[in-house]
1. Looking at this structure, is A:R240 closer than 15 Å to A:P335 by Cα and open to solvent by 40 Å² or more (accessible area, probe 1.4 Å)?
2. Please report, ordered by residue number, the helices (runs of 4 or more DSSP H) entirely within region A:225-338 with at least 2 residues that are under 21 Å from the mean Cα position of the chain (by Cα) and not hydrophobic (A, V, I, L, M, F, W, C).
3. Name every residue in region B:180-218 that is more than 23 Å from the chain's Cα centre (by Cα), free of Cβ contacts under 8 Å to residues at least 60 places away in the same chain and part of a strand (DSSP E or B), in order of residue number.
4. Would you check if A:R203 is basic (K, R) and not assigned by the TED database to the domain that holds A:M259?
5. Are there any helices (runs of 4 or more DSSP H) wholly within region B:330-420 with 1 or more residues that are of a type in the set (G, A, S) and away from chain A (no Cβ under 14 Å), and if so which?
6. Considering region A:293-338 alone, what residues qualify as being aromatic (F, W, Y) and open to solvent by 40 Å² or more (accessible area, probe 1.4 Å)?
7. List every residue pair whose Cβ atoms sit under 6 Å apart, with the two residues 6 or more apart in sequence or on different chains, where the first one lies in region A:213-236 and is more than 14 Å from every other protein chain (Cβ to nearest Cβ) and the second, anywhere, is open to solvent by 20 Å² or more (accessible area, probe 1.4 Å) and among the hydroxyl-bearing types (S, T, Y).
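The values are calculated or read from the model by the stated rules, or taken from the named source; none is laboratory data. This is a predicted model, so every value here is computed, not measured. Methodologically, a virtual Cβ is constructed for each residue, glycine included, from the backbone with ideal geometry; neighbour enumeration extends over all protein chains shown. With ligands, DNA and RNA removed, areas are computed over all heavy atoms of the protein, side chains included. Shrake-Rupley method; radii C 1.70, N 1.55, O 1.52, S 1.80 Å.
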Amino acid sequence: MKKSAFLGTLTVAGLAAGMVSAATLDDVKARGELNCGVSTGLTGFSLPDANGVWSGFDVAICRAVAAAVLGDATKVKFVPTTGQTRFTALASGEVDMLARNSTWTFSRDTDLKLDFVGVNYYDGQGFMVRKDLGVTSAKELEGATICIQTGTTTELNLADWFKTNNLNYTPVAIETNAEGEQQYAAGACDAYTTDASGLASTRASFADPENHIILPEIISKEPLGPAVRHGDNQWADIVRWTLNALIAAEEYGVTSANMEELAANSPNPEVKRLLGAEGDLGVMTGLDKDWAKRAIGVAGNYGEIFAATIGEATPIGLARGLNAQWTQGGLLYAPPFR
Amino acid sequence: MANVADVPKPSFRLSMLLYDTRYRSLTIQIVVFLLVMAGAAWLVDNTIRNLQALGKDFNFSFLGARAGYDISQRLVEYTNDSTHGRALLIGLLNTLLVAFLGCIAATVIGVLVGVLRLSKNWLIARLMTVYVEIFRNIPLLLWILLIYAVFTEAAPAPNAFRVNAETGEAATSMFLDAFAVTNRYTAIPNPVFGLDLGWLNIGLFYVSVDFLLLVAAIVVGFFLNRMALRRATRIQEATGDRPTTWWQSLLLLVGIPVAALIAMGFHFEFPELKGFNFTGGLNVSNSFMALWLALSLYTGAFIAEIVRAGVLAISKGQSEAAFALGLRPARTMNLVILPQALRVIIPPLISQYLNLTKNSSLAIAVGYLDLRGTLGGITLNQTGRELECVLLMMLIYLTISLIISGLMNVYNASVKLKER
């Protein structure tokens, strides 16, 4: 690791992944801790509380993976990353996985040498404006000043969308969501644009959420999901199937409360396979039979996590929408556990 | 008599490389050189291996790809259809702009404060001391953030300038109907040429022909003025009487450019609130203002100390002699002290200019898209070419610094003590 630290200093970008052994699973086990890259603070998705304990929708994925791999959901070191540093942090081995509302795109998957293992939130880019501005559609934003997080796909979508609609705007580049909130609240920009979920989360953190509206236009597809480094298929499988286990658990009605009972008595063999009561799916990934049970045991299945962190009962109040199970008209569809 | 030449010449032995003082220093130099080269080779090799392990190649073709992002402050034309290379140019120009204006402002502030700090007026001298100590001893980043925060938090939104339809009044009004400080930008009048002579393509970007004509007028006026002054000197040497030249200088230096401006229909367009923002004028973004002010004030404090040191380095006898000749303090300073002090001042001043230019990369803190923000920020992030971007950025900063250093060395050579 000394070597990689030296090189990292040289290249600033820390292109040291060569020194990071390909077997991330062994590294994590040896370390006894999962390094998980999260955002620098986005209410509902990843935010440390007053005691420094991280919680949120993205954080829950990290904890589920930690529980599956290490058997302890608290053995996670959360590494806050900005839109600019996240992929470098992953490529250099500083984090083992990213769960940081990052959009799955072609070039990130191929050119940036990342592997997106799935989608944990189907999102789209929207705009938030102050109500007293009297704007009801994004198409009325001619000449507006718009705050935008730099280094994101939203930056490119914004440019494309305004071009397509023949509108002018002034971009104000900001580094983190917190800075964006502050600039928007201070009136340094007319509109704030990011993923609609991020806007809902930002609005929820304002003192006067009722004075801000999210415009109806969704200008892009933003499938957000956890990502790992390219080239370590075993580790990618583990993260992918941990996410799938959470999604499948909701589909089959497995919750943190009833999973012990279902493991023993469920008539559905798929549930039993998922929970390790039948077959040895977990062993195929290099873990043990109970991995999925531990992952689900942390905060429940996908639906439970969603409801507890960003769902309609929370201040963020996001509806399931596209993120409902495929059986409910949504897009969540876990491949079979077989 | 013994022949001295008979003493046998000691043959060269390997151990002499270590024990013979004639060879030892050479040996050490060669060994150190080899070690440094080996270290460099190892670093390069390691980088190549790591790039291979990551499956990444090393090439700069991304500079020709479509950038896809927008930049709010652009000195030359750029759209999101332009290439990453073009975005690099925009960033570079933004860096140079803030560095250039920063160097000028810092020099003005530094010279004023440095001289005033030596003033016999107790209050002024102390005030300048307070300024220098405050700005010198607080990190630059904090100044940038503070000034930015003052602009964004304390200034009114553009909306506040809107005239309320019912009361017929606006919450805030513009200064002289021409300037408006808002929490996003400072709107100032935009200088335009009424007579559009077109644009000239000079390879990288277009330059207004009007602007070129203006520059030409200034240069012509400058040279004509020098000719007039030379002629005056010739007459003075021939007859002992120097003809009055001030009106000629005024006419040539000011008259010609002004005439050119009038001929080209030069006027100002005033900013006007339209829609969300001011249009018509120039909107100087707060990020630029904050960066520029902070860089100028911070570096100005250092330059003030350099100027003070330079002035103090001139022996007291010089000013006493000037006073004895009947020169007033202001003239003593301008004619006797400062010209000599420049010799002491210039070399450290160069490094302050270099510092300011490099410090401008802190622009990222306030979202000013300079070279670090475009090439080292958005481009790096969107293309994932960390190594290429960072190396290129280092190369560019190095080049800028060397150019500044070279130019200042030329100037230094012209003011330094000439020994004949």
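1. yes
2. A:233-251, A:291-299, A:302-309
3. The answer is B:V181, B:W199, B:L200, B:N201, B:S208.
4. Yes: the conditions hold for A:R203.
5. The qualifying helices (runs of 4 or more DSSP H) are B:338-359, B:386-415.
6. Answer for region A:293-338, where residues must be aromatic (F, W, Y) and open to solvent by 40 Å² or more (accessible area, probe 1.4 Å): A:W326, A:Y333.
7. A:P223/A:Y122
For every residue, the table says whether it meets (1) of a type in the set (A, V, I, L, M); (2) modelled with pLDDT of 90 or more; (3) in contact with a helix residue (DSSP H, G or I) (Cβ under 6 Å, 6 or more places away or on another chain).
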position	(1), (2), (3)
B:L293	yes, yes, yes
B:L297	yes, yes, yes
B:P347	no, no, no
B:S361	no, yes, yes
B:G367	no, no, yes
B:N381	no, no, no
B:L387	yes, no, yes
